[in-house]
Structures are given as C-alpha cells and as structure tokens.
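J.: Just dropping this structure here.
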Amino acid sequence: MPGRIMAALAAALALGFAGGAAAKPLVVILAEPDGTVATDLFAPYAILSESGAVEVKVVSPTSKPVRLLPGHAWLTPQATLAALSARRPDVVIVPAMEDEADPARAAWLREQLARGGRIMSICNGARVLAKAGLLDGRQATVHWYSRKPMAKQHPKVKWRHDLRWVTDGPVTTTAGISAGEPATLALLGELAGDEVMRATARRLSLPLPSVRHDGDGYRLTPRGMWTTVKNRTAVWSREDVAIPLSPGFDELAFGTALDAWSRTFRSDAWATGAPVTRSRHGLLVHRSRELPDRFDRTVALPGPDVMVRTFAAVRRAYGEETARFVALQFEHPWGAVSAWR
C-alpha cells in the first residue's frame, strides 16, 4: 500500500498537480500528433496560463511532437492521456485537428462528460465533438465554412450562426478561429471570477468577451474566390516566411503569426531560431529539421492587438484582398463580407 501511495504522489508531482496547484481548476488542451491548428491551441493556453488561476496542460495520446497547422513547427505535449489518470480534468478544450474521428479519443471525451467534466471546442474542433456524438440534441456552432456540411452530416444538432460561442449544458462550441479568445476569457471568468478575467484580458491587450456575432456576414464571395485562385496559381511569387523565436516568446502572437502567414496562399510560414525554444508559459516549440535554403521574408511576432496587427502586416506584404481573405478564414470582423465592399 505505501508503494502505491508513493507512486500516485510521484505521478501527481510529475504533472505539476501537487500542493497548491491542486486547488486550481485543471484545464487540458488536447493535441493530435498528426496536426493541430496552432491558434486554436495557443490562444486558450496563453490566456489561461497568463491568468495564474488555472492549471493548464497540453495533452496528447503520445509524447511525440505535435505538428502545428498550418505552417512548419512542432510542439512537445506536456503530458499524455495515460498520465492524466492521476487527476480528472475539470475542462477539456478541443482544437481543430487533422484526425477528427479517432475512436479512442472519442471514447475518452465521452468518459469525461459522464464523469461530470466540461468540454469546449475551438473552431472546427466542433467537428471532433460531433463525430464523437457529443453534440446530438444540443445547440452548437462551428467555423462558418463548415456550417452547411455539418448541418447535413449531423442533423440532430441545432447549429447556430448568431453567437461567437454556444454553451449547452457541459459543452461549449465556438465559431471560427478568432472566437477562441473571447470564449476562453468567458470560460476563465466562470472558473476564476470576473476580476481575474478582466485583469488577464488587460495584460494581454484583449477586448472583453462579447458573444454577439453575425455568422451570415462570413462567406466566400466571388472576390474572395478570385483571391484564392490568383494566390494559389502565382507560384512564381510564393514566399517562405521566417518567424524567429527567442526564449520566452508570446504564445498568442506566435500561434497567430504561424497560422495567418500560412493562410495567405502566397506563403509558407516557418518557426526559426534554436531547434527547440521555450515559450513564455513553458511550451516547447520545435522548428523544422529541414529549413529552406533561404527565406524571402522575416516577420517579427506582433505586439498588442495581435490579430489585427498580423492582418495589417499581411496587407502590407500582399495587399488588401489577401489580408481580408486571411481574416475571413479566422472569422474575424476584419474579414466580414461588409469589410470587402
């Protein structure tokens, strides 16, 4: 018996769940090794970690590095699903993933709900929840581009397009990529109180969360389709973009930059710097083992008002239409159809 107690204590210490940290709500962010969308993962991690009021871990089925999508960078998970047996998470966050229908992950998510946990998806992470059967009979939302196909594939779900995030019982879903920030702040307010949420938003220069949203304002217009075709076919002007990382880098800024510069259809974004770099709140990001011989452009991580600054930088590089198209993919107000007129 003493041996079992010591083993359990050691496991808790290894995950950072012992002592005072055990009193904090535990939020785990799932990561799929074959590909997890960068901003969907980094935004909630940065916000919750910055608060200091929540224990947050990036968790994967294995310890192998997770590919960050889109772009060229990898991330070391902080724990495996098996290691979580030491403590049940209070909240599970599910970003958009390359593999949306893993049976083992679906069973694990259903188990978390059955045990009284909460689940929140970011953007197309709702596709993972829907395929696991967790949204049937509930109201939910998803990235604007996925709404029609998801309505056909999952008719038992009431799909909303008028809210940036939807909470139905223990399940929360968000609209496109940019909705992850306000939805996470709202979650933080529930877990740690309004004062903590406001202070965290202020330190990260984020607006206070508002659930209002005009989902119908986001669609692929002829102008947007032309931008897609033009950028995809302009292979002679395609660029490799370097995003240099230094120790203590801002997770929110990096995730947004890697994601946005890889969505222009004009460029591929690469993390550069040391082979492995530790972020402000302890994540280990790996650059690709094989980098381009040269980079066409180097971009610094954006400062406050991260997304708008990033879209503005893309605009300076590739023009207004490409910047609006990137923002459209983020489902950010900068990319709403009204902004294209």
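J.: If a residue must be under 15 Å from VAL314 (Cβ atoms), part of a helix (DSSP H, G or I) and in contact with a His (Cβ under 9 Å, 6 or more places away or on another chain), how many such residues does the range 240-262 contain?
T.: 1
J.: I'm checking my understanding of the structure. Among residues of the range 46-67 that are among the small types (Gly, Ala, Ser) and over 16 Å from the mean Cα position of the chain (by Cα), which one is surrounded by the most Cβ atoms within 10 Å (Cβ to Cβ)?
T.: The residue in question is SER51.
J.: If you don't mind, another one. Can you tell me how many residues within the range 210-238 are touching a residue at least 40 places away in the same chain (Cβ under 8 Å) and not in a helix (DSSP H, G or I)?
T.: Here the count works out to 9.
J.: May I ask you to list the residues in the range 68-84 that are touching a residue at least 12 places away in the same chain (Cβ under 8 Å) and surrounded by fewer than 21 Cβ atoms within 10 Å (Cβ to Cβ)?
T.: Of everything in the range 68-84, those that are touching a residue at least 12 places away in the same chain (Cβ under 8 Å) and surrounded by fewer than 21 Cβ atoms within 10 Å (Cβ to Cβ) turn out to be PRO70, TRP74, THR76, ALA79, THR80, LEU81, ALA83, LEU84.
J.: Can you confirm whether ARG324 is assigned to a helix (DSSP H, G or I), loosely packed, with under 14 Cβ neighbours inside 10 Å and not assigned by TED's automatic domain parsing to the domain that holds LEU204?
T.: No, not satisfied.
J.: Within the range 276-292, does at least one residue satisfy the condition of being among the β-branched types (Val, Ile, Thr) and either within 18 Å of GLY335 (Cβ to Cβ) or surrounded by fewer than 21 Cβ atoms within 10 Å (Cβ to Cβ) (or both)?
T.: Yes - at least one qualifying residue is present in the range 276-292.
J.: Another question, if that's okay. Taking interchain pairs and intrachain pairs at least six residues apart, which have beta carbon atoms under 7 angstrom, with the first residue in the range 87-101 and on the phi < 0 side of the Ramachandran plot and touching a residue at least 60 places away in the same chain (Cβ under 8 Å) and the second assigned to a strand (DSSP E or B) and surrounded by fewer than 23 Cβ atoms within 10 Å (Cβ to Cβ)?
T.: Short answer, once both residue conditions are applied: ARG87/LEU26; PRO89/LEU26; ASP90/LEU26; ASP90/ARG118; VAL91/ARG118.
J.: Please determine whether any residue of the range 132-150 is in contact with a strand residue (DSSP E or B) (Cβ under 7 Å, 6 or more places away or on another chain), among the basic types (Lys, Arg) and in contact (Cβ under 8 Å) with a residue 24 or more places away in the chain.
T.: Yes: one or more hits.
The values are calculated or read from the model by the stated rules, or taken from the named source; none is laboratory data. The model shown is predicted, which means the values in this text are computed figures rather than measured ones. Glycine gets a Cβ as well: all are built from the backbone with ideal geometry, and neighbour counts include every protein chain shown.
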